[in-house]
């Protein structure tokens, strides 16, 4: 961005590496039973498939949240939309993209999560930073769950 260019929207990307195969990591996100073990503390309903709407519930945040699945490319990519506070979209929905990349002969997987976008205001920044924290926490919780069977979210927020 040029120094004189006005900032119009906010978005972010976070990533982490998990020592499991791409298929195992992909399913840990797409499968509601697995997702409920380490992320959606109130449970998840519905497998992530093209065009589906699933729900995520969190004991530590008001929910459940409807999550619209926009695109699935097993086991490489999931694109979803969900309600975003201070979203730039006319329908109030932010777009979240999960990308999965196999590393080291499928013994490790890089997960990249991007979310867009929020209005470039202090309220938009607060919402974006909150979601950035949430997705970073999700990656850490997924790593702990898949590699060690530990639920990091239990008691973490409340």
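Bear in mind that the values in this text are calculations on the coordinates, not laboratory data. Just so it is clear, the model here is predicted, and its values are computed rather than measured. A quick note on method: Cβ atoms are made from the backbone with ideal geometry, for glycine too, and the neighbour counts reach across all protein chains shown.
What the table shows:
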| read-out | value |
| --- | --- |
| Filter result (touching a residue at least 40 places away in the same chain (Cβ under 8 Å) and out of contact with any strand residue (DSSP E or B) (no Cβ under 9 Å at 6 or more places or on another chain)) within region 127-155 | 141, 144, 145, 151, 152, 153, 154 |
| Odd one out for residue 116 among (1) in a helix (DSSP H, G or I); (2) under 14 Å from the mean Cα position of the chain (by Cα); (3) surrounded by 15 or more Cβ atoms within 10 Å (Cβ to Cβ) | (1) |
| Selection within region 62-104 - outside any strand (DSSP E or B) and either buried (at least 19 other Cβ atoms within 10 Å of the Cβ) or in contact (Cβ under 8 Å) with a residue 12 or more places away in the chain (or both) | 63, 64, 74, 75, 76, 84, 85, 86, 88, 89 |
| Matching residues, region 35-57, being touching a strand residue (DSSP E or B) at 6+ places or on another chain (Cβ under 9 Å) and crowded, with 19+ Cβ neighbours inside 10 Å | 35, 39, 40, 41, 44, 48, 54, 56 |
